[in-house]
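Q: Mind having a look at this structure? Questions to follow.
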Amino acid sequence: MPIGSHHSAAAGTDVWLTPPAILAALGGAESFDLDPCAPLDRPWDMARQHYTIADNGLARPWHGRVWLNPPYSNNVIGRWMGRMAEHAHGIALIFARTETQVFHECVWRAADALLFMERRLHFHDAAGTRAKANAGAPSVFCAYGADDADRLAASGIPGAFVPLRLRSLIFGFASVGSWVDEVLKVMQRAGAAVR
Ligand SMILES: C[S@@+](CC[C@H](N)C(=O)[O-])C[C@H]1O[C@@H](n2cnc3c(N)ncnc32)[C@H](O)[C@@H]1O
């Protein structure tokens, strides 16, 4: 089964916008350098720079911290997530289809941390109006890079935070002051060799 299909199949559109409160919790639009798949007419910014379908964000160079809430059509999600895994800097918001090949290749094997959302998201339509119905499937945030993993952990978005690359995260942090401290303490108590 493909990673996501609900939106496009049910509503005939790929334009399901991230709630502004979610972007704010992750640092705000100004903290993201690029949204490679933004709507043609956007009610608000998602990042400093946007590519739309007119630019074809898959054919353009990606740079900096990327915000990715990709088109959910069955045949393209893998290309977007493959690109994100390769770019390895930013946060993706997708459906938690954890068993799919795309999820295994581009998330389980590539992301640094996940946050499985409690309850279901209500996206916004192209005009910026909050959808009455929820997304119809569980959502997960996928962080690529140690900094984005930490931002995700500190976001306050309700859900379960799951670090995936513990070692690289812990050793990658010169100054710790977050959940990493807590993990280090637990590891030290358990007698792990933490250098
Ligand atoms: C699920 S919406 C997310 C919009 C926005 N990224 C956000 O987070 O609110 C996916 C968007 O991707 C756009 N899109 C579809 N194909 C695209 C392409 N090849 N290049 C850039 N954008 C594309 C659609 O127009 C749609 O606005």
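Q: At 7 Å along the Cα-to-beta-carbon direction for both ALA190 and HIS63, put a label point, then send me their distance in nm to one decimal.
A: 4.2 nm
Q: Say R0 is 25 Å: what FRET efficiency, to the nearest 0.05, do LYS132 and ASP33 get from their beta-carbon distance?
A: Step by step, r from the Cβ atoms, then E = 0.15.
Q: Could you calculate the FRET efficiency of SER73 with GLU182 from 1/(1 + (r/R0)^6), where r is the beta carbon distance between them and R0 is 45 Å, rounded to 0.05?
A: Step by step, r from the Cβ atoms, then E = 0.70.
Q: Go through LEU58, LEU26 and list them by solvent-accessible area, largest first, probe radius 1.4 Å.
A: LEU58, LEU26
Q: What nm distance separates the two modelled labels at GLU86 and ARG48, each placed 7 Å from Cα along Cα→Cβ?
A: 2.3 nm
Q: If you scale each eigenvalue of the Cα gyration tensor by 5 and take the root, what three semi-axes come out for region 6-164, rounded to whole angstrom and sorted largest first?
A: After scaling each eigenvalue by five and taking roots: 20, 18, 17 Å.
Q: Once the other residues with Cβ under 11 Å from the Cβ of THR52 are scored (Lys, Arg +1; Asp, Glu -1), what is the net sum?
A: Charge balance near THR52 sits at -1.
Q: A follow-up question, please. From the protein chains alone at 1.4 Å, what is the descending order of accessible area for ARG79, ARG97, largest first?
A: Result, largest first: ARG79, ARG97.
Q: For ASP150, ASP45, what's the largest-to-smallest order of accessible area, 1.4 Å probe?
A: Sorted by accessible area, descending: ASP45, ASP150.
Q: Could I ask something else about it? What does the charge add up to near PRO158, with Lys and Arg as +1, Asp and Glu as -1, over the other residues with Cβ less than 11 Å from its Cβ?
A: Combined, the nearby Lys, Arg, Asp and Glu give 0.
Q: Between region 16-89 and region 96-157, how far is it from one alpha carbon centroid to the other, in angstrom?
A: Here the answer is 13 Å between Cα centres.
The values are calculated or read from the model by the stated rules, or taken from the named source; none is laboratory data. Source: prediction; values computed, not measured. Note that we place each Cβ from the backbone using ideal geometry, even for glycine, and neighbour counts take in every protein chain shown. Each accessible area value is taken on the protein alone, full model and side chains, heavy atoms only, with ligands, DNA and RNA left out. Shrake-Rupley method; radii C 1.70, N 1.55, O 1.52, S 1.80 Å.
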